[in-house]
Structure formats: structure tokens, C-alpha cells
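Every number here is computed from the coordinates shown, using simple stated rules; none is lab data. Please read these numbers as outputs of a predicted model, since none were measured by experiment. All Cβ positions, glycine included, derive from the backbone under ideal geometry; neighbour counts span all protein chains shown.
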């Protein structure tokens, strides 16, 4: 009995430590947080939804770099495709091109040995960001840099949902084909991507780019109006909540993980109650445990009010998009979940161009065609194992 009591006390103390660590860590984070605001820019933007097509284009542009490559991913795996990517960076560095690679410590943990082995003693400057550290070890373990940014010569940029690994080019037997959205940007918006990357690099390496004008060459305007929104566990949910609150007739959400926060979920309910059409596109299969089950309690409340939930069945759906009234379109790195709202560093691009939005709508309708509609009956006829997983998912939803 004494042993059991001791175990319970130790467990309670451990849980208490986790709670205090997380609460104090977030409090300090928000205290030091300074939001970066970016103006509406005009650029040329190309949309990719296929991994092989995206990486063929990206690798081709990387090989043409003349001055510098700044590239950031959440995940680089330890497979042959990742090795091809790293080899291109190594080759460009050997030509005298400045190459900086920034990776999230947790997201790229599986590829860390390959990365170090491949890039050590080369000219590639690489770093792992968001390494957990005291005094708030648990909190810093949870906060991750989920951004995917590429800037080539300060004139061309990429941003979106794809990472580097075989699954992203449709070579995973379970998650094949991989569906995602990624943007290629040429024009004045590239300077904002460059600024975000350099800020993340400075935070990681404690290095200030005092003479950085060479990273910001003159840029021509394009024709597509857009605006970047960088977040660090805040204030993305406020931004989404405002957009949803101001919606007039339609909201379309595409996300691999639907776990809305305490501010944005009431706005979705209110939008349905005032007659706004809500469509949600999520994957039928999951790439992480419990993420599907965590969404069920929210979907059970939305579907009876008229929301239509599509489960994508032609592979794995990983795209992140929010479309409001067919006049504002967001594509970026943030999922519609608590981790993206409250923990991760994210980068989103809001677009206001009618022709581009029509292209995105066409893509979303095509993806809906490869999906089945999830019904309330589906959610209410779960087996005991699914119900058990849902209970666990609800308790852990903040960290999924």
C-alpha cells in the first residue's frame, strides 16, 4: 500500500510539474512575442498540389541559384529522396553559393543522422531550431517550427504544406498519393519570406544580419494581391476567428487535422446558425494516432447545424486552406488545430485575387469529388475501441 501511495504521489507531482512548466513557459513566450505585420503585396504565384511536380520545379530552381539559398523545412527524412535534396544543397555550396538550411529539431529528428553525415564538412550552413531547453523543458519540447520556406537569390520563394521525404512524392504505400498545396512566388512578396526566414535563423543561431541588403534585391510587382501572416502560437486563431465572424455566405476549410480552438469553434457554430454554408475537407486515413478521433466531438456539433464534412479517399489529404466567401483564400503551413493555433511557428499566405481563388475552388471541388460525406450516423456508431481512443484524444488534443 505504501508503494502504491508513493507511486501516486510521484505521478501527481510529475503532472503538476508538467502543468507548471507549460503554463509558465507559455506565459514567458507570449510576454516576449512581437507580431510581424506584412503589407499586401503583388506577386506572381503558382499553385502546386502534386509532390513530384513541386519538387521537380523546386530542385530545378535550386540548381540555377546564383547568390544564395535559404531553405527551411519542418521535416527532412532519412530516405533516398531526402539524400537527393541534400546533395543538391551540397553541390550548390561547392560552387560558392551561400546555402543555409534550417530544420525543426523534433520534426527532423529521424533524418538528423543522415543530415549531419551528409552536410558536415561541406559548405552548407545548417541548424536545428527549437531544441528543448530549461527552465521550461516540457513547453519548449512542444513548441515547434512548422514553417516550410524556400528563398532563392532573394527573388523566388516557396511556401506551403510539403516537407522532404518519400511520402511527399507518392512513394509511401499507405499514404499514396499525397495531396497537398504549395505556392511558388516571384515578385515583391519574396522579401517577406526572406525576412521571416532570417528572423528564425537569428533566433536559432543568435546571429544578427546587420549587413543584409544583399538578401533583398529589387523586386518587380506581379498581378496577384496577397499578404503573409506569420504566427508563433499566437495570434493565428484570432485571425481565423475574425475572418469566420465576418463571413457572409460560405466557409471552406481544408485540413489534415480538424481540432479547433476555444475561440474559433464558437465562430463556426455561429456562422452556421446565421445561414453560412460550411464545408470541411479532411483525410479519410490518418498519419498520426488519435488525430481523427480528436475531431469527432466537434464534428458531432457542426453536422446537425448543416456543415458538410468530406473525407478524402484518394490517398492522404495534407493541404491547409481556408476559403471565405470565395473572396479570401488562405494557403500555408498551419493546420486547423490547437497545435498550430497555440504552439507552432507557422506561415500563411492570404490571397485576394479572383482568378487565383477560382483556381483553388476548382481544385477543392476536384478533391471533394474524391471524398465521401461523413454523416452523424457514422460518428454515433463507433465501436468501443474508437470511443476509448476518442476519450484519450480529447484529453490530449492540445498536443496532437
Open item on the list: Once you keep just the Cα pairs under 8 angstrom separated by 6 or more residues, what percentage relative contact order results for the chain?
Closed with: 18
Open item on the list: Just want to confirm a number: the relative contact order over the range 233-399, from Cα pairs under 8 angstrom separated by 6+ residues, in percent.
Closed with: 29
Open item on the list: Only counting other Cβ atoms within 10 Å, I'd like 178, 385 sorted with the fewest neighbours first.
Closed with: 385, 178
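In what order do 6, 321, 140 fall by count of nearby beta-carbon atoms within 10 Å, going from fewest to most? Mind dumping the intermediate values first?
Values: 6 10, 321 22, 140 19.
Least crowded to most crowded, the residues run 6, 140, 321.
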Task: Nearest-0.05 FRET efficiency for residue 212 and residue 56, computed from C-beta distance (R0 45 Å) - done: 0.90
TODO: Enter the Cα centre distance for the pair the range 192-229 and the range 1-53, rounded to the nearest angstrom.
DONE: 25
- [ ] Provide 356, 59 in ascending order of the number of other Cβ atoms located within 10 Å of each residue's Cβ, fewest first.
- [x] 59, 356
- [ ] Rounded to the nearest Å, what's the spacing between the alpha carbon centres of the range 342-359 and the range 281-300? Just the number, please.
- [x] 23
- [ ] Could you please tell me the mean projected area of the C-alpha convex hull for the chain, averaged over all directions and given in square nanometres to one decimal?
- [x] 21.5
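Applying a 10 Å radius around every beta-carbon, put 238-250, 156-168 in order of their mean neighbour count, most first.
Working: 238-250: 17.1, 156-168: 24.9.
Packing order, densest peptide first, comes out as 156-168, 238-250.
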Task: Most to least packed among 30-37, 361-368, 148-155 [average Cβ atoms within 10 Å] - done: 148-155, 361-368, 30-37
Open item on the list: Report the Cα-based extents of the range 233-399 along its three principal axes, largest first, to the nearest Å.
Closed with: 47, 34, 32
TODO: Using only the Cα atoms of the range 41-227, build the gyration tensor, take square roots of its eigenvalues as a ≥ b ≥ c, and label the shape rounded, prolate or oblate: rounded if a/c is under 1.5, else prolate if a/b is larger than b/c, else oblate.
DONE: rounded
TODO: Rounded, prolate or oblate: pick one for the range 338-394, where a ≥ b ≥ c are the square roots of the eigenvalues of its C-alpha gyration tensor, a/c under 1.5 means rounded, and failing that, prolate if a/b is larger than b/c, else oblate.
DONE: oblate
TODO: With label points built 7 Å along Cα→Cβ from the Cα atoms of residue 372 and residue 248, find their separation and express it in nm.
DONE: 3.8
Open item on the list: What's the ranking of 375-381, 127-133 by average number of surrounding C-beta atoms within 10 Å, highest first?
Closed with: 127-133, 375-381
